[in-house]
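Chemist: A single structure is presented below for examination.
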Amino acid sequence: MRCGIGAAAVGGILSVLALGAPAAAAPTTEVRQGQYIRVVSVADWDQAIGMLPGEPMRWDIEISADAPEPGTLTIGMSASGGTPLVVDAASCGVPWRGGECPSGAVHLRTGWEVPRDDETVVLDEVDSAAVTHLRLQVGVASGAAADATRLRVKVVGAGEEVDAWSDDPLPPTGLPAGLPWVLAGGAVLLVGGAALLIGRARRREDGVGT
């Protein structure tokens, strides 16, 4: 009987944790269209929820423009929040092929901790007639444990500005959203199961229920 109660308690905890874990999802594609500038953002934001130091997520952004006259587009990034995020940024003149740029990648930033003062930092300036394939590897800095941070990529040119931003603020730790409550629920189940076992044992010692 003791084993049955213990197994039920452990099974309940595992069930709660399973319900609390985010389901795997395919990357989300979002299109931001201005009058001339088009920004296509592709990222798996569910992966970002469980992001841990040393396990970055990929954020691909395709930037193009149908500008009325030749010019340049300025690509910048900003962040706001309490969690330090580290970014590797590279651009490619053609679509990325897996982890490689067939035309040769231009490395813009490596191991860069993004300032979190909401001020835009310029990453690159590109020809408005070209299509730029920006790839960001976004990671949580080691030991990070603060308020969530939101990232934004800003493209300026042809008299307008178009932004792409993280779907939700990126969490301060690798714990899925709501997991502290899940763990608390699991702890309640574990304590409850232990109490039942202790009560059962005491009743047996007192000769009750035998």
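Chemist: Quick test for you: out of 131, 140, pick the one residue that is of a type outside the set (Phe, Trp, Tyr), under 30 Å from residue 35 (Cα atoms) and at pLDDT 60 or above.
Modeler: Being of a type outside the set (Phe, Trp, Tyr), under 30 Å from residue 35 (Cα atoms) and at pLDDT 60 or above holds for just one of 131, 140, which is 131.
Chemist: Filter the stretch 48-98 down to the residues that are within 15 Å of residue 136 (Cβ to Cβ) and either aromatic (Phe, Trp, Tyr) or free of Cβ contacts under 8 Å to residues at least 12 places away in the same chain (or both) and list them by number.
Modeler: 59, 96, listed by residue number.
Chemist: Further question: Looking at the structure I just gave you, is residue 96 touching a His at 6+ places or on another chain (Cβ under 9 Å) and either within 20 Å of residue 41 (Cβ to Cβ) or not hydrophobic (A, V, I, L, M, F, W, C) (or both)?
Modeler: Yes; evaluated as a whole, the condition is true for this residue.
Chemist: Give the residue that is nearest to residue 135 (Cα to Cα), with candidates limited to residues of the stretch 48-86 that are in contact with a Leu (Cβ under 7 Å, 6 or more places away or on another chain) and in a loop (DSSP other than H, G, I, E, B).
Modeler: Filtering the stretch 48-86 for residues that are in contact with a Leu (Cβ under 7 Å, 6 or more places away or on another chain) and in a loop (DSSP other than H, G, I, E, B), the one nearest to residue 135 (Cα to Cα) comes out as 51.
Chemist: I've got another one for you. Can we say residue 90 is farther than 28 Å from residue 149 by Cβ and either outside any strand (DSSP E or B) or touching a His at 6+ places or on another chain (Cβ under 8 Å) (or both)?
Modeler: Taking the combined requirement at face value, the residue does not satisfy it.
Chemist: What's the total number of residues in the stretch 90-114 that are more than 16 Å from the chain's Cα centre (by Cα) and surrounded by 15 or more Cβ atoms within 10 Å (Cβ to Cβ)?
Modeler: Total meeting the criteria: 11.
Chemist: Condition (residue is under 18 Å from residue 127 (Cβ atoms), surrounded by 12 or more Cβ atoms within 10 Å (Cβ to Cβ) and modelled with pLDDT of 75 or more) applied to the stretch 27-34: is it met by at least one residue?
Modeler: yes
The values are calculated or read from the model by the stated rules, or taken from the named source; none is laboratory data. Bear in mind that the values here come from a model prediction, so they are computed numbers and not experimental data. Positions of Cβ are generated from backbone atoms using ideal geometry, with glycine treated the same way; all protein chains shown enter the neighbour counts.
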